[in-house]
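Chemist: Handing you this structure, nothing more for now.
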Number of protein chains: 2
Amino acid sequence: MYVKHGMSQLTSLSSARNCTLSSSAVLRRQHFLIRSLGGGVHSNFCTQNRMQETKPLEADAENILRAITPTLDPTRHKGQAGKIAVIGGCREYTGAPYFAAISALKIGADLSHVFCTKDAAPVIKSYSPELIVHPILEESYSIGDGDKKYISGKVVAEVDKWMERFDCLVVGPGLGRDPFLLDCVSEIIKQARQSNVPIVLDGDGLFLVTNSIDLVSGYPLAVLTPNVNEYKRLVQKVLNCEVNDQDAQGQLLSLSRRIGGVTILRKGKSDLITDGEIVKSVSIYGSPRRCGGQGDILSGSVAVFLSWARQYILAAEGNVTIRPTNPTVLGCIAGSALLRKAASLAFENRKRSTLTGDIIEYLGRSLEDICPAY
Amino acid sequence: MYVKHGMSQLTSLSSARNCTLSSSAVLRRQHFLIRSLGGGVHSNFCTQNRMQETKPLEADAENILRAITPTLDPTRHKGQAGKIAVIGGCREYTGAPYFAAISALKIGADLSHVFCTKDAAPVIKSYSPELIVHPILEESYSIGDGDKKYISGKVVAEVDKWMERFDCLVVGPGLGRDPFLLDCVSEIIKQARQSNVPIVLDGDGLFLVTNSIDLVSGYPLAVLTPNVNEYKRLVQKVLNCEVNDQDAQGQLLSLSRRIGGVTILRKGKSDLITDGEIVKSVSIYGSPRRCGGQGDILSGSVAVFLSWARQYILAAEGNVTIRPTNPTVLGCIAGSALLRKAASLAFENRKRSTLTGDIIEYLGRSLEDICPAY
């Protein structure tokens, strides 16, 4: 367990391309990095292991949020506060990728990209001039069978040429379930993994990896954010059993471990977060409205916060004052807490007519309340 | 009459597929259900029959609205507060389906879909990222004669695969009158009916069923919401006479009975609502502005409220404290009252420049005034 968490922690700090992901290579890499860092990380793991409880501990979300959110320094330049890319948006769905991408910006990312189908692009562009929208994905209906291989290669190459610029991918909001499109997205996930780019998976992205779990298995920079139904499917597929709410924490830990230590944020009345080592809960009161789109805010938010958490951990050089220390878990805790606070403020104002767009309008104020700009 | 109302009430609670709609089958079903419910429903019918008056009674709209609006419970998940679908939106009209669909969300539905033509979709999508817009309907101009059967089958199958997820369809806002498109919509209505999904018909949807009354005849979950002209055409076509305002209530009752007990909301200075058993009026002061689009708000609102009324009646298990008890009538009363209140608040604020979008912005506050979230 200690070894696996070490892998999670350390690989997430690495920016080397093409690292081999089989477990023996990971072990070698982990030992090398522990040696390089002089054992400072070692003591953190021990602390974390001691923190394990039988019941999930409420995360110290506000402190975590304050710690990982970067100070606003006038000397910094465009891009340093985060470059996020959303892979999603098809003929049917355009709202979801917009919600994810604009939420990332509203929290403080500098650049937010969307990679979507050609049909979806003009619509997503029309929602906001703040986003960079790439009309490059293709669905089966628009291409002949003979062209599939060529077009797939083109699509994947097009995303890959941007890959190294991104601090995090969000895969899934409004992606749809077209088989050809999902094949291309599988390749994009493989490339992101090769480039050590963190990936948040939600919606149809989660549908894809639930059916092809190898895409994320053993990748410590993958975050899955299932809702009730998505979690049920994931448990059935991976653990081959039904959801057990009597031992929610134990089952969540098993699930994460079975997928090789990916981080899972199980959405619910309380959000439960694990990386296979620890389980944390976020129970801040949000909103009782269940309008569609809130999951998209969450995925965009987690993407920003986990990018910031990685920067924070890297800069702290072992002097990390918050627990836990796995940046994907920190990102989930911060994203969950911020969404809940914004939803609660929006609901206070809009009551039953609260929509996802209203919640997004409160992301900034919620962050400011917890972590003032100056 | 007693028997017919029983059918209306009880079939509306049933979720069984493929119920036969001929009157003998309905009678058998009704007797079975009355036996199953231990006669509790019987006494309601008697009460309702006693409530019949020669003049329409003003509905106790605010109490009804409070009773049927679900409490906001944090344990509920996405979809439980309602999933509505609007069938409408063509090359010519895009505002109407947007108004209907966004109103459903602003009242408190969780998900709102629009099924429209390919031309209309990007525009409707661009009005709001909150809606899920399916570009699947086709008009004659875009297809060859030889393809009609194939394309019609595809369109209908595409809507049908979603059908069971919907709590109510709104058919008509901005639908247009293209013959091929209306043929497809006729099939969609038949499928909704087979799946026992309630249908609110307005605008061009009402034009369609006025000319093909069998589409809704005898379906207790159909709601027609005619304005002055649409009502005139309906009376002419079904009753073969002119509108008689001396006996507005009697004629409305006859009309509903002649169409086998569908619910009719006749819009006017006062809205009159009947299911062929009782007539209720809603006369709350609204707005003197008659800008286009208010009927679309009404159709989307009725869809949400009738879905909530069905849930309420089902959960009450015979202990229903409001009258009447037919959920389609309850939905009409609540929808009419809320629109009038919102229109009045919008007019207070915007006066002559009040537009439909302004009224939509007051739906939330109006609901909150009558039925506070907490």
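Chemist: Over 16 Å apart: what share of the alpha carbon pairs of the stretch B:165-260 falls there, rounded to a whole percent?
Modeler: Taking all Cα-Cα pairs of the stretch B:165-260, the fraction more than 16 Å apart is 53 percent.
Chemist: Compute the distance from the alpha-carbon center of the stretch B:348-368 to that of the stretch B:205-230, in whole Å.
Modeler: 28
Chemist: Hey, if you put +1 on the Cβ of every Lys and Arg and -1 on every Asp and Glu Cβ in the protein assembly as shown, which of B:THR69, B:ILE284, B:ALA120 ends up farthest toward the positive end of that dipole?
Modeler: Final value for the positive-end residue is B:THR69.
Chemist: Quick one: length gained pulling B:GLN236 to B:THR75 fully straight, 0.36 nm per residue minus the C-alpha distance?
Modeler: Going from the current span to full extension adds 53.0 nm.
Chemist: Here is a further query. Taking every residue in A:268-274, how many Cβ atoms of other protein chains lie within 10 Å of its Cβ, on average?
Modeler: 1
Chemist: Okay, moving on. Could you name the lysines whose alpha carbon sits less than 27 Å from that of B:LYS237, not counting residues in the same chain fewer than 8 places away?
Modeler: Filter leaves B:LYS4, B:LYS55, B:LYS190, B:LYS267, B:LYS269, B:LYS280.
Chemist: If you don't mind, there's one more thing I want to ask. Shortest first, in nm, what separates the label point of B:TYR150 from those of the same position in the other copies (7 Å along Cα→Cβ)?
Modeler: Relative to the other copies, B:TYR150 has label-point distances of 2.4 nm.
Chemist: So, one more: Taking the label point as lying 7 angstrom from Cα along the Cα-to-Cβ axis, what are the distances from A:GLU368 to the corresponding position in the remaining copies, in ascending order and in nanometres?
Modeler: With the label placed 7 Å along Cα→Cβ, A:GLU368 yields 2.0 nm.
Chemist: Can you compute log10 of I(q)/I(0) for chain B with the Debye formula, treating each Cα as one identical point scatterer, at q = 0.13 Å⁻¹?
Modeler: -1.01
Chemist: Another question, then. Please report, in whole Å³, the volume per residue of the convex hull around the C-alpha atoms of the protein assembly as shown.
Modeler: That works out to 165 Å³ per residue.
Chemist: Next question, about the same structure. Rounded to a whole number of µm²/s, how large is the Stokes-Einstein D of the stretch B:225-374 at 10 °C and 1.306 mPa s, given Rh as the Kirkwood radius over C-alpha pairs?
Modeler: Once the numbers are plugged in, D ends up at 98 µm²/s.
Chemist: Over all distinct Cα pairs, what is the inverse of the mean 1/r for the stretch A:254-297, reported as the Kirkwood hydrodynamic radius in Å?
Modeler: Taking every pair of different Cα atoms in the stretch A:254-297, averaging 1/r and inverting gives 11.7 Å.
Chemist: Could you compute the FRET efficiency for A:TYR374 and B:TYR374, with r as their C-beta to C-beta distance and R0 at 41 Å, rounded to 0.05?
Modeler: Step by step, r from the Cβ atoms, then E = 0.70.
Chemist: Here's a follow-up. Dividing the alpha-carbon radius of gyration of the stretch B:259-339 by 2.2 N^0.38 Å (N being the number of residues), what value is obtained?
Modeler: Expressed relative to 2.2 N^0.38 Å, the Cα Rg reads 1.11.
Chemist: Go ahead and run the numbers for FRET between A:ARG365 and B:GLU164, Cβ-Cβ distance against an R0 of 60 Å, rounding to 0.05.
Modeler: For R0 = 60 Å, the calculated efficiency reads 0.90.
Chemist: In the stretch B:225-374, if the dipole is taken from +1 on Lys/Arg beta carbons and -1 on Asp/Glu beta carbons about the Cα centre, which of B:LEU330, B:TYR231, B:SER299 is farthest to the positive end?
Modeler: The residue sitting farthest along the positive end of the dipole is B:TYR231.
Chemist: Want the number for A:ASN244 to A:ILE143: 0.36 nm per residue separation, take away the alpha-carbon distance, what's left?
Modeler: 32.0 nm
Chemist: Looking at the stretch B:185-266, which GluC sites (Glu not before Pro) are DSSP coil and have at most 11 other C-beta atoms within 10 Å of their C-beta?
Modeler: B:GLU242
Chemist: Would you calculate the volume per residue, in Å³, of the smallest convex hull containing every Cα atom of the stretch A:217-294?
Modeler: In the stretch A:217-294, the Cα hull volume divided by residue count equals 97 Å³.
Chemist: In Å and on Cα atoms, what radius of gyration and Dmax does the stretch A:176-216 show?
Modeler: Rg and Dmax of the stretch A:176-216, Cα atoms, are 9.6, 26 Å.
Chemist: Between A:SER212 and the same site in the other copies, what are the distances in nm, shortest first, taking label points 7 Å from Cα along the C-beta direction?
Modeler: 4.2
Chemist: Hey, which residue of A has the C-beta nearest the axis mapping A onto B, and what's the distance in Å?
Modeler: A:SER126, 3
Chemist: Ignoring everything but the protein chains, give the 1.4 Å probe accessible area of A:ASP183 in square angstrom, nearest 10.
Modeler: Its heavy atoms expose roughly 100 Å² to the probe.
Chemist: Enumerate the lysines that A:LYS83 could reach by cross-link, defined here as Cα to Cα under 17 Å, with residues fewer than 8 away along the same chain left out.
Modeler: Partners found: A:LYS106, A:LYS161.
The values are calculated or read from the model by the stated rules, or taken from the named source; none is laboratory data. Remember, it's a predicted structure, so these values are computed and weren't measured experimentally. Here Cβ is always computed from backbone atoms with ideal geometry, including for glycine, and neighbour counts include all displayed protein chains. Ligands, DNA and RNA are excluded from the accessible area calculation, which covers all protein heavy atoms including side chains. Shrake-Rupley method; radii C 1.70, N 1.55, O 1.52, S 1.80 Å.
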